[in-house]
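Below is one structure, written out as structure tokens, with a few remarks after it.
The values are calculated or read from the model by the stated rules, or taken from the named source; none is laboratory data. This is a predicted model, so every value here is computed, not measured. Quick reminder, even Gly has a Cβ in these numbers, built from the backbone with ideal geometry, and neighbours come from all protein chains shown.
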Amino acid sequence: MNNRSTIFMVGAGHSGSTLLGLMLGAHPSVFYAGEAKKSAFLGDERKPLKKRVCKLCGLDCVVWGKLLPQDFAASDLYEVLSERTGRPIVLDSTKSAEWIGHGVAAVRARGAEVRLIFLQRDGRAVVSSRLRKYPETTAHEHARDWRHQMEASRAFANTFPGPVIEMRYEALATEPERELRRVAGFLGLAFDPTMLTPWTTEQHPLGGNSGTQWLMAREQPKDGSVLSLGDKTRGYYQAHPPAIVFDERWRRELSADALATFESEAGETNLAYAWNAEPSPPVGRERT
């Protein structure tokens, strides 16, 4: 058995899962698969290229390039990925409860362990990010969707059949070494300083946040990359240094009307996740 442990993530999209995944994937024992659910699109030319290839490498990726869904039908994807990469831990940031459920069953059936990271971020920041990317959807719809995702994620984490750790994007971005030491301990790993500089490592994720991945590609450009930046984010990421930067754009971008809408629809739920620049950021809870 090559895959000793598979780590799943739950939480709302736009909460830092790509950043955390790349940081953990910089550890020599961890392969960050990205949104592994997109492995179902491998080789399917009906899907857009960016949805069926490693966005950092494109079609010639050494991990995903010649892999097809039938190649892991008789085993499970995580075992195949550990075999291909030589890394005993695989991290999947898909965040779909149904997908995770199937993965957990497959991994436990062969005697490997499963763990869960419940990633959290102030809902106002999430809604602001979604409005930037999907302006055709209303603030009310984004707020409602965030509330539903967080309620479902909390329920899923409470019944997960393995150890669970809660992590805050804000804590990770403001105290990265402290938080990475904490999650490394949760994974049974020694802290590796390379996790603080993921843009110096070679990685191969499916899906995920293009802006965060673009920073990786800028430092290690590859001819096959399918990454691109939208008009609303290009300036931000082009000016972004090769460093972990706490993103609080929502404080200047979210309109008063959007804030009021959010508070009406999701304010009560956000009481557990609101970030108000406390001197001592919460570090979450762990369940073993």
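Here are the numbers for this structure:
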{"read-out": "Qualifying position, being modelled with pLDDT under 95, over 30 Å from residue 178 (Cα atoms) and either loosely packed, with under 12 Cβ neighbours inside 10 Å or hydroxyl-bearing (Ser, Thr, Tyr) (or both), among 224, 230", "value": "230"}
{"read-out": "Subset tally (residues that are out of contact with any Ser or Thr (no Cβ under 6 Å at 6 or more places or on another chain) and in a helix (DSSP H, G or I)) for the stretch 106-125", "value": "6"}
{"read-out": "Members of the stretch 130-157 that are crowded, with 24+ Cβ neighbours inside 10 Å and under 18 Å from residue 209 (Cα atoms)", "value": "142, 146"}
{"read-out": "Only listed residue being over 19 Å from the mean Cα position of the chain (by Cα) and free of Cβ contacts under 8 Å to residues at least 24 places away in the same chain, chosen from 256, 243", "value": "256"}
{"read-out": "Restricting the stretch 165-181 to residues that are farther than 23 Å from residue 78 by Cβ and outside any helix (DSSP H, G or I), the residue that is farthest from the chain's Cα centre (by Cα)", "value": "175"}
{"read-out": "Which listed residue, of 44, 60, 76, 71, is in contact with a Lys or Arg (Cβ under 7 Å, 6 or more places away or on another chain), over 20 Å from residue 209 (Cα atoms) and at pLDDT below 95", "value": "44"}
{"read-out": "Single residue of 86, 34 found to be over 19 Å from the mean Cα position of the chain (by Cα) and at positive phi", "value": "86"}
{"read-out": "Residue check for residue 162: surrounded by fewer than 17 Cβ atoms within 10 Å (Cβ to Cβ), in a loop (DSSP other than H, G, I, E, B), touching a residue at least 12 places away in the same chain (Cβ under 8 Å) and out of contact with any helix residue (DSSP H, G or I) (no Cβ under 7 Å at 6 or more places or on another chain)", "value": "no"}
{"read-out": "Complete set of residues in the stretch 84-138 that are in contact (Cβ under 8 Å) with a residue 60 or more places away in the chain, more than 21 Å from residue 67 (Cβ to Cβ) and touching a strand residue (DSSP E or B) at 6+ places or on another chain (Cβ under 8 Å)", "value": "95, 97, 104, 113, 114, 115, 116, 117, 118, 119, 120, 121"}
{"read-out": "Residue in the stretch 112-128 that is surrounded by fewer than 23 Cβ atoms within 10 Å (Cβ to Cβ), touching a Leu at 6+ places or on another chain (Cβ under 8 Å), under 30 Å from residue 226 (Cα atoms) and among the hydrophobic types (A, V, I, L, M, F, W, C) present", "value": "no"}
{"read-out": "Selection count, the stretch 1-51, where residues are in contact with an Asp or Glu (Cβ under 9 Å, 6 or more places away or on another chain) and free of Cβ contacts under 8 Å to residues at least 60 places away in the same chain", "value": "1"}
{"read-out": "Set 180, 271, 196: member being over 30 Å from residue 47 (Cα atoms), surrounded by 18 or more Cβ atoms within 10 Å (Cβ to Cβ), at pLDDT 95 or above and hydrophobic (A, V, I, L, M, F, W, C)", "value": "180"}
{"read-out": "Residue within the stretch 182-201 that is closer than 23 Å to residue 275 by Cβ, out of contact with any Leu (no Cβ under 9 Å at 6 or more places or on another chain) and not in a loop (DSSP other than H, G, I, E, B) present", "value": "yes"}
